1. Which one of Arg140, Arg98 is over 30 Å from Val381 (Cα atoms) and either buried (at least 22 other Cβ atoms within 10 Å of the Cβ) or in contact with an Asp or Glu (Cβ under 9 Å, 6 or more places away or on another chain) (or both)?
2. Under the condition of being outside any helix (DSSP H, G or I) and either out of contact with any Asp or Glu (no Cβ under 8 Å at 6 or more places or on another chain) or not polar (S, T, N, Q) (or both), which residue from segment 121-135 is farthest from Ala13 (Cα to Cα)?
3. Return the residues of segment 442-470 that are outside any helix (DSSP H, G or I) and in contact (Cβ under 8 Å) with a residue 24 or more places away in the chain; say none if nothing qualifies.
4. Filter segment 436-473 down to the residues that are in contact with a strand residue (DSSP E or B) (Cβ under 8 Å, 6 or more places away or on another chain) and polar (S, T, N, Q) and list them by number.
5. Determine, yes or no, whether Gly321 is surrounded by fewer than 22 Cβ atoms within 10 Å (Cβ to Cβ), in a helix (DSSP H, G or I) and not hydroxyl-bearing (Ser, Thr, Tyr).
6. Which of the helices (runs of 4 or more DSSP H) contained wholly in segment 1-107 include at least 3 residues that are out of contact with any Ser or Thr (no Cβ under 7 Å at 6 or more places or on another chain) and under 30 Å from Asp178 (Cα atoms)?
7. Hey, among Leu442, Leu431, Leu416, which residue is at pLDDT 95 or above and not assigned by TED's automatic domain parsing to the domain that holds Val96?
8. Would you check if there is a residue in segment 455-477 being outside the structural domain of Ile334 (by TED's automatic domain parsing), in contact with a Lys or Arg (Cβ under 7 Å, 6 or more places away or on another chain) and closer than 27 Å to Trp364 by Cβ?
Amino acid sequence: MALTLPTGVLVNAPLHPRFDEILSHDALALVAKLHRAFEPRRQELLKARIVRQAKIDAGTMPDFLPETKDIRAGDWKVAPLPKALECRRVEITGPVERKMIINAFNSGADSYMADFEDSNSPNWYNQIQGQVNIFDAIRRKIGFTNEAGKEYKLNEKIATLQIRPRGWHLDEKHVTVDGQRVSGGVFDFALVFFHNAKEQVTRGAGPFFYLPKMESHLEARLWNDIFCMAQDHIGMPRGTIKSTVLVETVLATFEMEEILYELREHSAGLNAGRWDYIFSCIKKFKKNREFCLANRGAITMDVPFMRSYALALVQACHKRGAPAIGGMSALIPIKGDPVANEKALSGIRRDKTRDANDGYDGGWVAHPGLVPIAMEEFVKVLGDKPNQWGKQRNDSYGPKDWLDFQPEQPITEAGLRNNINVGIHYLGSWLAGNGCVPIHNLMEDAATAEISRSQVWQWVVSPKGKLDDGRKVTAEMVRAMIPEELTAVKATVTAAGEKTETYDQAAGIFETMALAKDYPEFLTLPLYEAME
């Protein structure tokens, strides 16, 4: 198998069956075109993140931007949405693995977000095979047979497809244009758009996207300009693409209306990405000696800084005629333990009841078994209405609410050990090619792993990082716990019939990143370099 590559494009990776269909000359030509046009801006925006972080580290707290005051005060709405995106009461998410795609489409959810990002381990095979899987699914040609001979195929009625490419900080190291690595997000978007956009329009649902981890409206503007060029390139009317932005960084909260404005021709609203949001808060204020969050389990959507962010998102969306989509509880069904299972399902019910009553138009789940519960809670509030776009909130939230980081306690030895355990377990699975992992009856992805290692780092560095028994969390304490938790993780993985080869490496990476003098920006960056 050989590729016919556009001038200046190199692919340094193995070609598995059908990869040449995805990595066609014309598809890679669009990748190259977008790279040449926009890579300098991506790099400028990544540098702007560093400058902004330095100001926060020096004590300058974020606030609304004075230069965008007119946008916040203006009278404008996002463009009308297609019928396929009017009803999104339950959205299911998951990686682009073949069986999972079929199960998600068949789950009964209104929408399915196929994920090339946080719930997908981005090795070369996963990324390109995922493109093959999406290509087949859109044309309803996808099928799967497991080792026991069970066949999976699409139902007649399936969820509306939305696709999440990688964030701005991630490269695709296997593909270069003029000697430069391409943006992972541009690569994912360009391939899926080139091969499928016209087919999706013909079928009446797409092309729709989710955009992750943005920190400013200028990053949204970059996506908007990419959308315009891509649509022009294939002769598609501008505004055909619709995209939902995940508000999963604390800085984006200060620019929610501006982000909607930049994407107003292509906007499908905002989503409250809670787990990355918590990670972002820790990362952005890590050098503030007054900042120290409690155990992860204590940081719920009901604590003040999370509650105010969630309600402000509904307000911003509905003010501008856009959908507001709630985030994901990490709870999943628990087999073999009816009591624990009922507790988990009750937690999901509470989560979706709160979102529906707050005005959200829908919410996320991570497992097909949770779709009926989530749907039931939204239907209780919405009735036969597809959404709550007309529900306006009159709350007044701002910096004092979003930066009031509580609670600070409890921090416990069990909480510390859980962070170490989850971090090692997830990293080991990620290195083995699985980016969506049930651990201790919670569905973990890169965002929750980021919280785990970031909290350990914070508790060691912060003077407030003390356990409830008075002991200060130290590097020595963490180093002593890592081999103990590694042993526990290996026992769990072995009991599940899985291999443990990657877990020693995972423990080493976790220790390096959790105890580094200078906080590493993203866990996935060194991990990606370590994988094929």
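The values are calculated or read from the model by the stated rules, or taken from the named source; none is laboratory data. Quick caveat: nothing in here was measured; it's all calculated off a predicted structure. Ideal geometry is used to build each Cβ from the backbone, glycine not excepted, and the neighbour counts take in all protein chains shown.
1. Exactly one of Arg140, Arg98 is over 30 Å from Val381 (Cα atoms) and either buried (at least 22 other Cβ atoms within 10 Å of the Cβ) or in contact with an Asp or Glu (Cβ under 9 Å, 6 or more places away or on another chain) (or both), namely Arg98.
2. Looking at the filtered set, the residue picked out is Ser121.
3. Leu442, Met443, Glu444, Asp445, Ser462, Pro463, Lys464, Gly465, Lys466, Leu467, Asp468, Asp469
4. Correct list: Asn441, Thr448.
5. no
6. 19-22, 25-57
7. Residue meeting the stated conditions: Leu416.
8. yes
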